[in-house]
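Note sheet for the following structure.
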Amino acid sequence: MQDIINRFISYVTIDTESDPNSTTTPSTEKQWNLANKLVEELKAIGMQEVTIDKHSYVMATLPSNIDKKVPTIGFVAHFDTTPDFTGANVTPQVVKNYDGKDIVLNKEQNIVLSPSYFKDLLQYKGQTLITTNGLTLLGADDKAGITEIVTAMEYLIKNPQIKHGKIRVCFTPDEEIGRGADLFDVKKFDADWAYTMDGSQIGELEYENFNAAGVKITFKGKSVHPGYAKGKMINSMLLANDFINELPKNEIPQETKGYEGFYHVTQLQGSIEETKLELIIRDHDMKKFKDRKKTVENITKKFNKKYAKQFGEDIVITEIKDQYYNMKEKVEPVMFIVDLAEKAMKSLGIKPLIKPIRGGTDGCRLSYMGLPCPNIFAGGHNFHGKYEYVPVESMQKAVEVIVKIAELTATTDFAKKKKK
């Protein structure tokens, strides 16, 4: 277990924060630092065909050690961290034999990780937790996933009595800004299917995610001296406010769960003359997803019609862009790959938590690129902030799941599975 701790800490102490405003891949030069380290580490443990391309995608192969042909499987994780919270100067704290009480992350600033607020902590009483120091995120999303994949590959190399087929691994940049799959070479990866190790608590197994769209709306206005503005001024900021109020009041992130979709205002800035609004649309159901986009379009038409005479042209300009789709459509035809992961977990005494992702992963994009790719737990909690933590035992279990999936792939008759 100490090897997992050491490996994980060696990764999270390297700053790999991505940048949504960058036009390069990777979006930040510092991501290369971990990417290059991973190349050397994969070579050192005995992986074959270790490559890194000009965009920092790292790939490697563990050759088959059996004499029959079985499917090639893959495992994927991302090495960037979110720009939502700083990932610089990460100083992890290791809490051994957690006692179920408050964990002081930062005494000077009175930052406390408490089970009274984060109730999931109580699941891990008696275990070893890795936390932040209260000033940065931790980076378990998704350096825990990388740790687990590398550790599992090393274990298989050191234990050749465990039979497995060919295994491919890939570590990607820029997942946190939605670009992790943009330049992923599926043909080069050459796997029949893969798993992202990018979920949260132990047991998570996901093959459904949101359909997603981003919306950018520009509101035009007319600025007139406020003392003489009656019947003349059009305040674009108030238009934007009225537009937001036209959206369904309870269909927002903080009021929804499970399969419930939402509209989420992410940015608003403006002046009297012009205001820009950004929001995202999410729904698991494709029809409801399309209906949500239609709702935004209908509100836009309503405003343009209302102000047509006074403004003389469209006063609201809306651009809706689809971002990704529910991987369920691509995974269901090969559901045996989910069943395989579920069987692996159960054989290890792990209760599978099969549920929809209220978000997206590289896997949903990859599934539409021809690589079916469900998501498996990496163990972390409270991603993207100072309260992030990961139980080491959960990472160990994720390693065991990877190994077990490799074993099962080598012994399962997939010809029968595909006929069902």
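The values are calculated or read from the model by the stated rules, or taken from the named source; none is laboratory data. Computed from a predicted model, the values in this text were never measured in an experiment. Because the Cβ atoms are built from the backbone with ideal geometry, glycine has one as well, and the counts that use them run over all protein chains shown. The area values use the complete protein model at the heavy-atom level, side chains included, leaving out ligands, DNA and RNA. Shrake-Rupley method; radii C 1.70, N 1.55, O 1.52, S 1.80 Å.
Could you tell me the center-to-center distance, by alpha carbons, between the range 39-93 and the range 122-172 in angstrom? When both Cα centres are located, 11 Å separates them.
In terms of packing, defined here as the mean over residues of other Cβ atoms within 10 angstrom, the peptides 63-69, 404-410 line up highest first as 404-410, 63-69. Taking 10 °C and 1.306 mPa s as the conditions, I'd like the Stokes-Einstein D for the chain in µm²/s, using the Kirkwood hydrodynamic radius from alpha carbon pairs. The diffusion coefficient I find is 68 µm²/s. Ligands, DNA and RNA left out, the accessible area of the chain computed with a 1.4 Å probe is 49% carbon and sulfur. Would you list which lysines come within 22 Å of Lys101, measuring only between C-alpha atoms, while excluding same-chain residues fewer than 8 positions from it? Result set, ordered by chain and number: Lys119, Lys125, Lys386. The value of relative contact order for the range 41-175, using C-alpha pairs under 8 Å at least six residues apart, is 43 percent. Restriction of the GluC sites (Glu not before Pro) in the range 248-306 to DSSP coil positions whose beta-carbon has at most 14 other beta-carbons within 10 angstrom yields Glu273. Quick one: helix 286-306 against the long Cα principal axis of the chain, what's the angle to the nearest 10°, folded into 0 to 90? Approximately 20 degrees, to the nearest 10. Our summary gives the chain a relative contact order of 23 percent, counting only alpha carbon pairs under 8 angstrom and 6 or more residues apart.
Roughly what angle does helix 236-246 make with the longest principal axis of the chain, taking Cα atoms, 0 to 90 degrees, to the nearest 10? It is inclined by approximately 60 degrees. Just to be sure I follow the definition: excluding the sites themselves, where is the longest run in the chain that has none of the chymotrypsin sites (Phe, Trp or Tyr not before Pro) in a DSSP loop with at most 15 other Cβ atoms within 10 Å? Here the longest segment lacking exposed loop sites spans 260-420.
In summary, the lysines within cross-link reach of Lys355, defined as a Cα separation below 17 angstrom excluding same-chain residues under 8 places away, comprise Lys257, Lys328, Lys330, Lys343, Lys346. So which residue, out of Ile73, Ile146, Ile217, gets the largest mean-square fluctuation from a GNM of the chain using Cα contacts under 10 Å as springs? Between Ile73, Ile146, Ile217, it is Ile217 that shows the largest mean-square fluctuation. Over the range 225-354, one equal point on each Cα, no solvent: what is log10 I(q)/I(0) by the Debye formula at q = 0.09, 0.20 Å⁻¹? Log-scaled intensity ratios, in q order: -0.43, -1.20.
Based on protein heavy atoms only, the chain ends up with 46 Å² per residue of surface accessible to a 1.4 Å probe.
For the chain, modelled as a GNM whose springs connect Cα atoms under 10 angstrom apart, the maximal fluctuation among Leu34, Leu277, Leu371 occurs at Leu277. Basic side chains Lys and Arg get +1 at the Cβ, acidic Asp and Glu get -1 at the Cβ, and with that the dipole of the range 327-367 about its Cα centre reaches some 160 debye. Its alpha carbons give the range 4-56 an Rg and a Dmax of 12.5, 37 Å.
Considering only alpha-carbon pairs that sit under 8 angstrom and 6 or more positions apart, the relative contact order computed for the range 315-418 is 30 percent.
Computed extension gain for Thr86 through His225, at 0.36 nm per residue and net of the alpha carbon distance, reaches 45.7 nm.
Calculated [222 nm] ellipticity per residue, helices only, for the chain: -9500 deg cm²/dmol; basis is -39500 (n - 2.57) per DSSP H run with n ≥ 4, divided by all residues, nearest 500. The share of alpha-carbon pairs in the range 189-263 lying farther apart than 16 Å comes to 73%.
In a shell of Cβ-Cβ distance under 10 Å around Asp291, excluding Asp291 itself, what net charge do Lys and Arg (+1) and Asp and Glu (-1) give? With Lys, Arg at +1 and Asp, Glu at -1, the neighbours total +4. Charges were assigned to the Cβ only: +1 to each Lys and Arg, -1 to each Asp and Glu. The resulting dipole of the range 81-138 about its Cα centre is roughly 180 debye. Normalised by 2.2 N^0.38 Å, where N counts its residues, the alpha-carbon radius of gyration of the range 102-153 equals 1.34. Separation of the range 210-225 and the range 227-273, taken as the distance between their Cα centroids, equals 9 angstrom. Once the Cα atoms are used to define both axes, helix 336-347 deviates from the longest principal axis of the chain by about 60 degrees. Only Cα pairs within less than 10 Å get springs; with that Gaussian network setup on the chain, which residue of Glu246, Glu393, Glu49 has the largest fluctuation? Highest fluctuation among the options: Glu246.
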